[in-house]
Each structure stands twice: as C-alpha cells, then as structure tokens.
Amino acid sequence: MDGVAYSTFDVRVRAVHAVRVENLPISVVAKAYGTDRSTIHRWLCRYDRSGDAGLVRRPVSGRPRKLSRLDGAALQRVVLAPASNYGYETDFWTTRRLIQVIAEEFGVQLSKQTVARRLHDAGLTYQKPEREYFELSEEQRADWIRTEVPKIHAAVRDHRAILYFQDEANVSLTAILARTWGLRGKTPKQAVTGKRGGVSAMSAITSQGHLIFRLHEKRITSPEVIDFLGQMLRHHPRRHLVVVMDQAPPHTSHATMEFINGQRRLHVFHLPKYSPDWNPDEKVWNNLKHQELKGHQARTKAELAALTQAKLNDMSNDRRLLRGIFFRCCVANILHVP
C-alpha cells in the first residue's frame, strides 16, 4: 500500500488500539493504515508515554511564518467550510482556491509551497472525499446505535453466534491505476482493456478475519443473496449466525425476508440507510479494488473472474490483514462482540 503523508488523530488512535487492544501485528496495522512500521512504532512510543495526548500532532520548528494572523485554527475554519461559501461552484478546495481566498480575506499573497506547508502543519491533507449521501439521517443512525446495536450484541451472546458483516460489489474490467514516477510533463502510459463489463461478488467478514465470498456473472438479486446466506449457514453447520447488511432491495425483498425468517440459526440486522461507511465489508472491496487489483491486466470477464477469485483467496488466507481491514471501519469497535 502506498504510504500516506499525514495521519489524523483518529487514525493514530485506531492504529494504536489495533496493536495494543486487538493484538494485531505492527506490520499488518501499518499496511492497513497506509503507513510504515517505523511510524506505527513511533505512535506506540508516544502513546505509551502520554496516552492519547501523545498522539496529538506536535508543532514543528522552523522560520517564523509569513502570515501570523492565519494560524492553524483559522486555516481549518476556512478549509473545513465548503468552498462554495466563498463563491466557488463546487465545495472542494484546491491550493489555487486557497491562495485566492487567503489573499482576499487576509491581504497576503502566499506561494503554493507555503500554503501546502501550512495546511500540513494545521493537520490538513489533500484527500479524496468519501461519499456522504444527501438522504443520510444522523438521527436515524443515532437511533440505530441506541436500539439495534444492543439487539445485535444480545443475539450474539444468547446464541453464541458468529457475527458477520455482508456486502456486495462490482469489480470492473476498467482497472484503477496506481501512481508511479515519470518525467515531468510526460504522463506515463498503462495498457488496459477498453472493454466494458465486470464481475459481481458477495462477501462477509468477521472481526476475527474470516472471509466468505462468492462471484457471479450477473447482477446481484434476491436469489443470489438467498443462495449466499445459505452458503454461510452450510459453512457453519452447527452455529448460529448474526449477519449485518445494508438495506439494498435484494436484502429486504419479500423473498429474502421469507428465507431469513425460515432459518432458525440465522439472525439478520439491517444497517441504517445510506451508511456504507458503517459496514466493515466495504473495506474488503476497497482493498481488493484499490490495492490487490490496482492496474490489473485482465482483458476479458473470464480473466477478471479468475484474477478476482485468486486475489480473494489470498485475502481470505490472510486473517491478520482482514482483521486490520475490519477495524478500520469507524463503528467496528461499537459492533464488535469479543
């Protein structure tokens, strides 16, 4: 995994928690969080000395700032507000936009390098946003934590059940390309197929790093969901299963619910609407697409299916990696039942 230039306080706390509480190897945590082992060691040392306070980013030394009036807090107030508040068409910030706003609001012209440095020191990095749907309701999510999470914990305890999080995805023939070095002004080329299409896949993951998956040549519908739930029950012939999934139509259809209600060992809970960030299995697909299959050379659906099968087989055999992926989910610790 490519390294990251900056980590948020929340990322550092969760990475330390993964090592100290979940007993994951440092190498696995470093890979899961996109950094190196020396960085994780440094966070652990700071945590051991000062607890969570030791994970707060410390200011760096250097020459006095050209712009003293725009401290880190003021810069955060600008960047964390939508760019549309300052007259731009979209909400995203670029360095050029910030240079313009700083000049207008504070009367000082800063270079691109100075702005980038100050952004970094203020705990800000250039990131690709996660989708947050207009329809998402924080009230419904809070209510779900208050009402459904206790039910999930009770079902796991009462039935000594295995807790799975399930999701599905489409793996595209159009490969996601990685970054590489090249001559300035000459963008490197990567040969890929221009054909459209892909492979549909379903999976389910546990906090212990167990992964069950299945590939399909067609779009996922209710019969495929029912078949996959049956596969999970057959995989654990004597255990109750608690399965958490989203509210996609194939998960909540009459046929699927009728099947679920007829299975004594199956207990299904649905996440709040528009909450993919609450499903650890989403991270499995993110890792598969953006790491394992990045820049893949498959030219046909058959080649892509074989490659996807091989990569998922490798992932399913790497429980340490999967545990690291699982606990990257922002609510994994809330939903985890030891």
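Would you be able to say whether some residue in the range 191-205 is surrounded by fewer than 18 Cβ atoms within 10 Å (Cβ to Cβ) and under 25 Å from W144 (Cβ atoms)? Checked against the condition, which is being surrounded by fewer than 18 Cβ atoms within 10 Å (Cβ to Cβ) and under 25 Å from W144 (Cβ atoms), the range 191-205 yields no hits at all. Taking the conditions (1) modelled with pLDDT of 95 or more; (2) under 30 Å from A191 (Cα atoms) in turn, Q297 satisfies each one other than (1).
Just name the residue that is farthest from T300 (Cα to Cα) out of those in the range 177-216 that are small (G, A, S) and more than 18 Å from the chain's Cα centre (by Cα).
We begin by selecting, within the range 177-216, every residue small (G, A, S); these are 178, 182, 185, 191, 194, 197-198, 200-201, 203-204, 207, 209.
Cutting the leftovers down to more than 18 Å from the chain's Cα centre (by Cα) gives us 182, 185, 191, 194, 197-198, 200.
Working: G182: 29, G185: 32, A191: 14, G194: 10, G197: 9, G198: 9, S200: 14 Å.
My answer is G185.
Residue-by-condition table, conditions (1) open to solvent by less than 30 Å² (accessible area, probe 1.4 Å); (2) under 30 Å from E139 (Cα atoms); (3) modelled with pLDDT of 95 or more:
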residue	(1), (2), (3)
R214	no, no, yes
V225	yes, yes, yes
H235	no, no, yes
V243	yes, yes, yes
T256	yes, yes, yes
R264	no, no, yes
Q291	no, no, no
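The single condition among (1) loosely packed, with under 11 Cβ neighbours inside 10 Å; (2) modelled with pLDDT of 90 or more that L98 does not meet is (1). Pairing residues of the range 255-282 that are over 15 Å from F228 (Cα atoms) with residues that are aromatic (F, W, Y), at Cβ distances under 6 Å and at least 6 apart in sequence or on separate chains, gives L271/W278; P272/W144; Y274/Y133; N279/F165; P280/F165; P280/F326.
Taken over the range 290-310, the criterion of being of a type in the set (D, E, K, R) and either in a loop (DSSP other than H, G, I, E, B) or within 15 Å of M202 (Cβ to Cβ) (or both) is satisfied by K294, R299. In the range 268-282, the residue that is farthest from R141 (Cα to Cα) out of those that are of a type outside the set (G, A, S) and assigned to a loop (DSSP other than H, G, I, E, B) is N279.
Does S172 satisfy the criteria of being crowded, with 20+ Cβ neighbours inside 10 Å, of a type outside the set (V, I, T) and at pLDDT below 95? Taking the combined requirement at face value, the residue does not satisfy it.
Scanning the range 109-129 for residues that are under 17 Å from T8 (Cβ atoms) and assigned to a loop (DSSP other than H, G, I, E, B) yields A122, G123, L124, T125, Y126, Q127, K128, P129. Tallying residues that are in contact with a Gly (Cβ under 7 Å, 6 or more places away or on another chain) and either on the phi > 0 side of the Ramachandran plot or in a helix (DSSP H, G or I) (or both) within the range 17-30 yields 3. Taking the criterion of being within 20 Å of the chain's Cα centre (by Cα), surrounded by 13 or more Cβ atoms within 10 Å (Cβ to Cβ) and of a type in the set (D, E, K, R), the only residue of the range 111-156 that qualifies is R141.
One line per residue, one yes/no per condition, for (1) in contact with a Pro (Cβ under 9 Å, 6 or more places away or on another chain); (2) in contact (Cβ under 8 Å) with a residue 24 or more places away in the chain:
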position	(1), (2)
E135	no, yes
P150	no, no
H153	no, yes
V156	no, yes
R160	no, yes
F165	yes, yes
A169	no, yes
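Annotation: H159 fulfils all but one of (1) open to solvent by 70 Å² or more (accessible area, probe 1.4 Å); (2) touching a Leu at 6+ places or on another chain (Cβ under 7 Å); (3) modelled with pLDDT of 95 or more; the unmet one is (2).
Of the listed requirements (1) farther than 17 Å from L293 by Cα; (2) surrounded by fewer than 16 Cβ atoms within 10 Å (Cβ to Cβ); (3) in contact (Cβ under 8 Å) with a residue 12 or more places away in the chain, R179 misses just one: (1). Taken over the range 311-338, residues that are part of a helix (DSSP H, G or I), surrounded by fewer than 18 Cβ atoms within 10 Å (Cβ to Cβ) and at pLDDT below 90 amount to 2.
The values are calculated or read from the model by the stated rules, or taken from the named source; none is laboratory data. Worth saying up front: this structure is predicted, and the values here are computed from it rather than measured. Positions of Cβ are backbone-derived with ideal geometry, glycine not excepted, and every protein chain shown enters the neighbour counts. The protein model used for the area step is the full one, side chains on, heavy atoms only, and it has no ligands, DNA or RNA in it. Shrake-Rupley method; radii C 1.70, N 1.55, O 1.52, S 1.80 Å.
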